[in-house]
Each structure stands twice: as structure tokens, then as C-alpha cells.
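Structure record follows, encoded as C-alpha cells.
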Amino acid sequence: MSVRTLPLLFLNLGGEMLYILDQRLRAQNIPGDKARRVLNDIISTMFNRKFMEELFKPQELYSKKALRTIYERLAHASIMKLNQASMDKLYDLMTMAFKYQVLLCPRPKDVLLVTFNHLDTIKGFIRDSPTILQQVDETFRQLIEIYGGLSAGEFQLIRQTLLIFFQDLHIRMFNNKGEEVKRIEFKHGGNYVRAPKEGSFELYGDRVLKLGTNMYSANRPVETHMSGSSKNVASWAQESIAPNPLAKEELNFLARLMGGMEIKQPSGPEPGFRLNLFTSDEEEEQAALTRPEELSYEVINIQATQDQQRSEELARIMGEFEITEQPSLSTSKGDDLLAMMDEL
Amino acid sequence: MFRWERSIPLRGSAAALCNNLSVLQLPARNLTHFGVVHGPSAQLLSTAPEGVPLAQRQLHAKEGAGVSPPLITQVHWCVLPFRVLLVLTSHRGIQMYESDGSTMVYWHALDSGDATPVQAVFARGIAASGHFICVGTWSGRVLVFDIPAKGPNIVLSEELAGHQTPITDIATEPAQGQDCVADMVTADDSGLLCVWRSGPEFTLLTRIPGFGVPCPSVQLWQGICAAGYGNGQVHLYEATTGNLHVQINAHARAISALDLAPEAGKLLSAAEDTFVHIWKLSRSPESSYIEVEHCHGECVSDTQVCGARFCDSSGSSFAVTGYDLAEIRRFSSV
């Protein structure tokens with residue numbers, strides 16, 4: 001399908017992730033300076049120049065699982081930690097929210113406005129940090145340059161590509177009274193509303209469209225429960241059971257993308273903390289135990305990111321060795337990567 | 001008035017593509033075949049009257065060079081004078097099967113030579129014209145395949161140039177027997193329509209320019225070209241001249257499918273706004289201007305419709321597929 005979909009997918013999912021983390025940080029009463037630090041670190045890693053360069057290369061979309069690994073790494077780019085159950089829930093919420101937004105877009109080009117809504121809010125989070133703000137603006141300009149001139153037909157293809165990525169994802173969300181709050185719902189019956197005017201595609205402007213703005217910003221406790229109905233599980237299971245012949249390609253893609261991620265190691269006396277996506281530790285434990293087998297993401301942790309300290313150490317250690325013969329060349333990139341994983 | 005009939009369950013939900021439903025009516029054998037694209041696979045189902053499912057088969061896009069499993073763009077039955085072939089288009093090429101999907105009789109790999117790295121390469125838009133099958137491509141070129149009465153000796157006989165953007169849909173109708181009659185229309189992502197006359201060589205008769213929105217679906221009936229657009233409008237043109245006769249603000253979102261019941265002159269339009277509308281086309285006896293009348297509107301609640309077809313040639317029943325919906329919804333008139 002369209003090879004220009006990944007940047008839009010990544011930035012919108014990233015935006016939703018930040019909205020959810022921001023809401024949880026407030027709900028868990030994490031001190032303001034720590035919360036700001038977490039968001040700053042994540043945003044700064046997301047919009048890192050090298051990473052964005054890799055992201056914007058024309059390429060096909062990979063699986064939901066491969067993408068989840070990136071977000072897990074991103075969520076841990078700071079002093080905050082997430083347990084598996086919370087990370088699973090975070091990813092489910094992010095993907096459902098963006099799927100809902102794509103479906104409701106009145107015009108295919110509106111998905112760009114949704115992206116701009118996410119970026120506008122992200123800029124609000126880092127308003128006091130000029131360097132990170134500059135990184136985000138740079139990405140904004142790149143989006144305008146690449147997507148600003150695309151035709152309606154090309155946006156329709158991007159939209160279809162996104163919908164294929166999200167196909168068969170059904171996780172319903174309920175409020176704390178148990179009433180269904182979000183589900184794909186359309187107006188029906190003869191009442192029509194005039195189409196709103198088109199939003200602004202400039203760097204600054206009125207987007208008009210509300211999709212992509214922070215739906216967690218008001219302090220309503222929106223409880224979220226995972227639906228485990230067998231109908232949904234069956235279609236999800238179909239995707240994960242078949243062995244993926246492209247596993248090696250996906251690992252290479254991840255290595256390239258994460259190789260560009262610069263994660264700052266937490267230094268100094270500042271202790272890390274754990275964020276919980278649930279209302280209590282017991283609930284989080286319970287969710288981890290009761291998550292159906294078919295919905296598990298089966299995550300493998302790959303330490304493939306740049307690490308300034310470690311590479312300096314390594315360089316020093318290697319300098320002390322005398323190399324007498326040429327090291328043999330490896331046969332294929334895939335083997336290198338798999339060998340690296342074996343050493344973990 | 002239409003009523004909702006028993007739905008036909010699907011193994012996999014329908015993908016968010018346009019024209020994502022093909023129906024083959026076999027009244028002599030009391031069977032109806034349905035074809036729906038799921039993503040990397042397409043599902044074929046055959047049903048008895050009343051929608052009772054009988055047999056089911058899944059087809060996949062042929063693998064080729066590339067890093068992800070190829071996605072199917074469309075599946076469609078082509079009724080030719082001596083045989084019926086099932087055609088499947090994907091991001092790798094064009095596959096043709098016997099009508100039950102049991103044997104692949106022909107494979108054509110797409111040439112991605114001129115594509116820039118940012119262009120998606122795929123085939124889309126399938127129609128039968130006499131003993132030819134025409135298939136559209138990402139570049140705007142339409143491939144014309146010459147189909148023998150039987151056997152796999154299918155030959156690419158012509159490549160039609162006329163479009164610069166990816167083809168979305170192709171519509172044909174049997175030649176009316178007069179001279180200079182338009183019997184094929186091709187549509188693309190920019191909304192441009194090209195009207196052709198078929199033959200050993202196809203001739204471009206006229207072009208109908210777009211207006212900034214894609215035209216995902218077209219139909220042709222008695223010289224009337226019906227085109228559905230991304231802004232929800234349906235336009236009716238005089239095919240040979242390209243003159244616009246009727247413009248209908250039919251839907252609130254992009255049109256995803258059009259179909260025709262030739263015996264009754266009924267047009268079906270379906271869109272992402274969850275509505276399906278049935279229109280009656282006719283020509284005024286005095287001026288022979290195209291006229292249209294709205295017959296029925298059906299709301300398929302909470303469903304982003306992506307495919308719709310009449311199930312009989314008089315237009316008394318139709319079927320619909322929706323994004324993420326794992327069934328085919330059927331309606332018939334009371």
C-alpha cells in the first residue's frame with residue numbers, strides 16, 4: 001500500500017501515548033518536575049533527528065507487534081518504568097484511539113490535521129524547552145513539505161493503508177459506570193449537518209477538526225477495560241499464530257530505527273519510578289495474569305540502542321587489544337543481528 | 001421497501017478498499033458466488049438461495065520480491081462469451097483463475113520499472129469487454145488481455161494510455177450494435193474518466209476531466225456513464241460526448257461502490273457514510289436526456305460500507321460489505 005504511511009502512524013500513536021502518560025502521571029500524583037522530565041525525555045527521543053530521518057524514508061508498514069517494541073523502548077526513555085500489563089494496556093489504548101480518529105475523519109486529508117492536532121499539543125507539553133521545541137517544529141515542517149501537496153487520491157491510499165493496519169482490532173472502552181463510551185459509531189437517519197470548513201495545514205492555525213486533541217485532558221476518570229470476548233480473540237489469534245516469514249526483516253527494521261534512538265541513561269541520585277496504567281497495583285497484577293494468551297504481545301527485549309558510556313568503555317578496552325589478523329566478514333546482516341540477540 | 005435478510009458469515013473481515021464485493025449470479029444452478037478481499041487473502045463463498053452458505057475458499061496473492069506480504073486490491077468475476085474467469089489484483093500482479101477459484105490459469109507480474117521509491121505499485125480495476133479482460137494499474141496504464149474460449153493461453157494484447165494516476169475502477173457494457181458506441185469507461189485517483197470503444201484495438205473516444213477528488217467507482221448502462229466521487233457525489237454523463245447530465249449529492253462521505261441492475265436500469269451507490277441508495281436511471285423520450293429518480297435509501301448502521309452489489313439483474317436484492325465487518329449483509333425487497 002502507500003509507502004508514506006509510517007510517519008503519520010508513528011507520530012499519531014506517539015501523541016496518544018503522551019496524552020495517556022500525562023493523564024496517568026497526574027492521576028498518580030507524580031511530582032510536577034518529575035512528570036515534566038519524563039515527558040520531555042520521551043518527546044526529545046521521539047523527535048531526535050536521526051530517528052526522524054529513518055522514519056521518513058519511504059517504506060511499507062510492519063506489524064503491530066514490531067511497532068509496539070518501539071513504543072516500549074520510547075516509554076522507557078526516562079526515569080519512568082512500566083510493567084508488562086501496563087505497557088500492554090497503554091499500547092491497546094493508543095491504537096484504539098488512533099483507529100477511531102482515522103475512521104471518523106470526514107475527508108482523507110483530515111488525517112494530516114489529526115497529526116497536526118497531536119503535534120500542537122505535544123508542543124504545549126514542552127513549551128519551556130526551546131531545543132526540543134525546535135526539533136518538533138522541524139518535524140512539523142517536514143510533514144508540511146512532504147504531505148502538504150499530496151492529492152486526495154494519495155491520502156485515500158494512506159487512509160486505506162492505516163485501516164488495513166488496524167483491521168480486526170476491537171477493544172471497547174467503558175466509563176466507570178460500565179456504559180460504553182467509545183465505539184465506532186456513526187450518525188444515521190436523515191439529519192445531515194453541514195460539512196465544517198477545512199482546517200489549516202500551516203505550521204500554526206485553527207485545525208477545526210477535534211480528532212487528535214487530548215481527550216484525557218479534563219480530569220474525568222475514564223476507566224478502560226479490555227474486552228475479552230471470544231469473537232474478537234479468534235480474529236486476533238489468527239494473526240499471531242502463523243509463523244512470520246518476515247521476522248528477520250522486521251528485526252532489521254527495528255534495529256535500524258532504534259539504532260537512531262539516543263536514550264540518555266539516568267544519571268545522578270534521581271531514582272526512577274514506576275507508572276501504573278491501572279488504578280492499583282493489585283489490578284495491574286490481576287490484568288497480567290488474566291490477559292488471554294491470544295492477546296499477549298510476546299515481547300523480546302533487544303538492547304540495540306546507542307549508549308555513549310558503553311561505547312566509550314568498549315573503545316578503551318578494544319584499544320588495549322592488539323589485532324593481528326583481519327576479522328572475517330560476516331555472511332549476512334540478519335545473522336549478525338540474531339547473533340547479537342543470542343548474547344543477551 | 002427492503003428488509004434485512006440472513007447475513008453470510010465471513011472468515012475474515014472486509015478490508016477498507018473500494019468496490020470490495022463481487023457477485024456472480026448463477027441462476028441456472030441456483031447458486032450465488034461472493035468474493036471479498038480481507039487483506040493479504042480473498043474469500044470466495046458460494047451460497048444457495050436464502051443465503052445458505054455452501055462452500056468457501058481462500059485465495060492469496062502470489063508472493064514476489066518485497067518485504068511484506070502482498071495485499072490484494074480487488075477480486076472480481078469476469079463474464080466472457082464462453083467462460084467465466086475470476087481475476088485477483090494485488091501489489092505484485094494479476095492472477096486469473098477458473099470461476100470457482102480452483103485453478104490459476106494465468107499470472108502477470110507487474111512491471112515496477114518506472115516507479116519512484118515513493119509510489120505504491122499495484123493493479124486495481126477489473127472488467128470484461130467481449131473476449132478481453134481489462135485491468136488497471138498504479139501508473140494509469142490499462143492492460144488488455146485477450147482471453148481464448150478455453151485454456152490458459154492468455155495474451156497481453158494492448159496497453160492503453162490515457163491516465164496518469166492510479167486506476168480505480170473500470171466499467172463495460174455489451175456494445176449496442178451501433179457505430180461509434182462507447183462500451184468501456186476507466187476511472188482514476190484524480191477523478192479523470194476515459195471513455196473507450198473496444199475492438200481488436202481500443203479507441204479513446206473522450207475524456208471527462210476530474211475536479212480534485214478521486215473517482216473510486218464507475219458504471220456504464222445504455223450509453224449512460226455513472227461515476228461516484230470522493231466527495232459523495234454521483235454524476236451521470238452521456239458517455240459518447242462526455243456531457244454532464246445529472247449531478248447528485250448522494251452521500252455525506254466518499255463513495256465506495258456503485259453497481260447496476262441492467263434489466264431494470266437501477267443504480268446502487270454505497271459510501272462511507274453508512275448509507276446505500278438505489279436510483280432508477282432512464283432517458284426522457286423527447287429529449288433523450290438522462291433522468292434519475294431516488295428509489296430507496298438504506299442505512300447500514302455503524303458500518304463503513306466498502307462494497308455493494310445487486311444480487312439479481314432486476315435489482316430486487318443487494319448485498320453489502322463493511323470495514324471490519326465479518327459478514328456480508330443482504331437485503332431484499334418486500
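The values are calculated or read from the model by the stated rules, or taken from the named source; none is laboratory data. Computed from a predicted structure; not experimentally measured. A quick note on method: Cβ atoms are made from the backbone with ideal geometry, for glycine too, and the neighbour counts reach across all protein chains shown.
Taking A:Phe98 as meeting all but one of (1) more than 14 Å from chain B (Cβ to nearest Cβ); (2) touching a Pro at 6+ places or on another chain (Cβ under 8 Å); (3) over 19 Å from A:Asn276 (Cα atoms), write down the number of the exception.
Against the list (1) more than 14 Å from chain B (Cβ to nearest Cβ); (2) touching a Pro at 6+ places or on another chain (Cβ under 8 Å); (3) over 19 Å from A:Asn276 (Cα atoms), A:Phe98 comes up short only on (2).
I need the full set of residues from the stretch A:38-72 which are assigned to a loop (DSSP other than H, G, I, E, B), away from every other protein chain (no Cβ under 13 Å) and in contact with a helix residue (DSSP H, G or I) (Cβ under 6 Å, 6 or more places away or on another chain), in order please.
A:Phe47
Checking the structure you have, find out if any residue of the stretch B:96-117 is charged (D, E, K, R), facing another protein chain (nearest Cβ under 10 Å) and in contact (Cβ under 8 Å) with a residue 24 or more places away in the chain.
no
Counting only residues that are surrounded by fewer than 21 Cβ atoms within 10 Å (Cβ to Cβ), assigned to a strand (DSSP E or B) and touching a Leu at 6+ places or on another chain (Cβ under 9 Å), which one in the stretch B:214-253 is nearest to the other protein chains (Cβ to nearest Cβ)?
B:Ile248
Those residues that are within 14 Å of chain A (Cβ to nearest Cβ) and part of a strand (DSSP E or B), I need them from the stretch B:18-56; list them, please.
Within the stretch B:18-56, B:Val36, B:Val37, B:Ser41, B:Ala42, B:Gln43 meet the criteria.
Residues in the stretch A:110-117: is at least one within 14 Å of another protein chain (Cβ to nearest Cβ) and either assigned to a helix (DSSP H, G or I) or not acidic (Asp, Glu) (or both)?
The answer is yes, given that some residue of the stretch A:110-117 is within 14 Å of another protein chain (Cβ to nearest Cβ) and either assigned to a helix (DSSP H, G or I) or not acidic (Asp, Glu) (or both).
Report, ordered by the first and then the second residue, all pairs with beta carbons closer than 6 Å, sequence separation of six or more or different chains, a first member in the stretch A:139-158 that is in contact (Cβ under 8 Å) with a residue 60 or more places away in the chain and in a helix (DSSP H, G or I), and a second member that is aliphatic (A, V, I, L, M) and surrounded by 15 or more Cβ atoms within 10 Å (Cβ to Cβ).
From residues that are in contact (Cβ under 8 Å) with a residue 60 or more places away in the chain and in a helix (DSSP H, G or I), the pairs are A:Thr139/A:Met52; A:Phe140/A:Leu119; A:Tyr147/A:Leu112.
Can you confirm whether the stretch B:225-232 contains a residue that is over 24 Å from B:Gln25 (Cβ atoms), at pLDDT 90 or above and among the hydroxyl-bearing types (Ser, Thr, Tyr)?
Within the stretch B:225-232, one or more residues are over 24 Å from B:Gln25 (Cβ atoms), at pLDDT 90 or above and among the hydroxyl-bearing types (Ser, Thr, Tyr).
How many of the residues in the stretch B:210-223 are in contact (Cβ under 8 Å) with a residue 60 or more places away in the chain and within 16 Å of the chain's Cα centre (by Cα)?
3
Tally time: how many residues in the stretch B:266-286 are under 15 Å from B:Tyr237 (Cα atoms) and in a loop (DSSP other than H, G, I, E, B)?
Counting residues in the stretch B:266-286 that are under 15 Å from B:Tyr237 (Cα atoms) and in a loop (DSSP other than H, G, I, E, B) gives 1.
If you go through the stretch A:8-30 one residue at a time, do you hit one that is without any contact (Cβ under 8 Å) to a residue 40 or more places away in the chain, within 23 Å of A:Val111 (Cβ to Cβ), within 16 Å of the chain's Cα centre (by Cα) and in a helix (DSSP H, G or I)?
no
Only one of (1) over 16 Å from the mean Cα position of the chain (by Cα); (2) closer than 28 Å to A:Lys109 by Cβ; (3) aliphatic (A, V, I, L, M) fails for B:Leu268. Which number is that?
Condition (1) is where B:Leu268 drops out.
Take the conditions outside any loop (DSSP other than H, G, I, E, B), surrounded by 24 or more Cβ atoms within 10 Å (Cβ to Cβ) and at pLDDT below 95 and apply them to B:Val195. Does it pass? Walk me through it before giving the result.
Details: outside any loop (DSSP other than H, G, I, E, B): yes; surrounded by 24 or more Cβ atoms within 10 Å (Cβ to Cβ): yes; at pLDDT below 95: no.
Here the answer is no, as B:Val195 does not meet what is asked.
Does the stretch B:144-163 contain any residue that is surrounded by fewer than 22 Cβ atoms within 10 Å (Cβ to Cβ) and within 14 Å of chain A (Cβ to nearest Cβ)?
No; the residues of the stretch B:144-163 include none that is surrounded by fewer than 22 Cβ atoms within 10 Å (Cβ to Cβ) and within 14 Å of chain A (Cβ to nearest Cβ).
The rows are residues; the columns are (1) more than 14 Å from chain A (Cβ to nearest Cβ); (2) out of contact with any Phe, Trp or Tyr (no Cβ under 6 Å at 6 or more places or on another chain); (3) free of Cβ contacts under 8 Å to residues at least 24 places away in the same chain.
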| residue | (1), (2), (3) |
| --- | --- |
| B:Leu267 | yes, no, no |
| B:Ala270 | no, yes, no |
| B:Thr274 | no, no, no |
| B:Trp279 | yes, yes, no |
| B:Ser282 | yes, yes, yes |
| B:Val292 | yes, no, no |
| B:Val300 | no, yes, no |
| B:Arg309 | yes, yes, no |
| B:Leu325 | no, yes, no |
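Name the residues in the stretch B:311-323 that are more than 14 Å from chain A (Cβ to nearest Cβ) and of a type in the set (S, T, N, Q), would you?
If the condition is that a residue be more than 14 Å from chain A (Cβ to nearest Cβ) and of a type in the set (S, T, N, Q), then B:Ser313, B:Ser314, B:Ser316, B:Ser317 are the ones that fit.
Which of the residues that make up the stretch B:239-265 are of a type in the set (Gly, Ala, Ser) and either more than 17 Å from the chain's Cα centre (by Cα) or more than 24 Å from A:Phe155 (Cα to Cα) (or both)?
The answer is B:Ala239, B:Gly242, B:Ala250, B:Ala252, B:Ala261, B:Ala264, B:Gly265.
Which of (1) part of a strand (DSSP E or B); (2) within 14 Å of chain A (Cβ to nearest Cβ) is the odd one out, the single condition B:Leu86 does not satisfy?
Only one criterion is unmet by B:Leu86, namely (2).
Are any residues in the stretch B:118-143 within 14 Å of chain A (Cβ to nearest Cβ), under 19 Å from the mean Cα position of the chain (by Cα) and not polar (S, T, N, Q), and if so, which ones?
Matches in the stretch B:118-143: B:Phe122, B:Ala123, B:Arg124, B:Gly125, B:Gly136, B:Trp138, B:Gly140.
Name the pairs whose Cβ atoms lie under 6 Å apart, with the first residue in the stretch A:179-207 and within 11 Å of chain B (Cβ to nearest Cβ), the second at pLDDT 85 or above and not in a loop (DSSP other than H, G, I, E, B), and 6 or more positions between them or separate chains?
Here the result reads A:Ile184/A:Leu103; A:His188/B:Cys299, each pair linking the stretch A:179-207 to a residue that is at pLDDT 85 or above and not in a loop (DSSP other than H, G, I, E, B).
Among the candidates B:Gln219, B:Gln164, single out the residue that is more than 21 Å from B:Cys78 (Cα to Cα) and polar (S, T, N, Q).
B:Gln164
Filter the stretch B:254-265 down to the residues that are surrounded by 21 or more Cβ atoms within 10 Å (Cβ to Cβ) and touching a Phe, Trp or Tyr at 6+ places or on another chain (Cβ under 8 Å) and list them by number.
Selection gives B:Ala254, B:Ile255, B:Asp259, B:Leu260, B:Ala261.
Filter the stretch B:5-17 down to residues that are more than 14 Å from chain A (Cβ to nearest Cβ) and exposed (fewer than 15 other Cβ atoms within 10 Å of the Cβ), then give me how many there are.
Matching residues across the stretch B:5-17 total 1.
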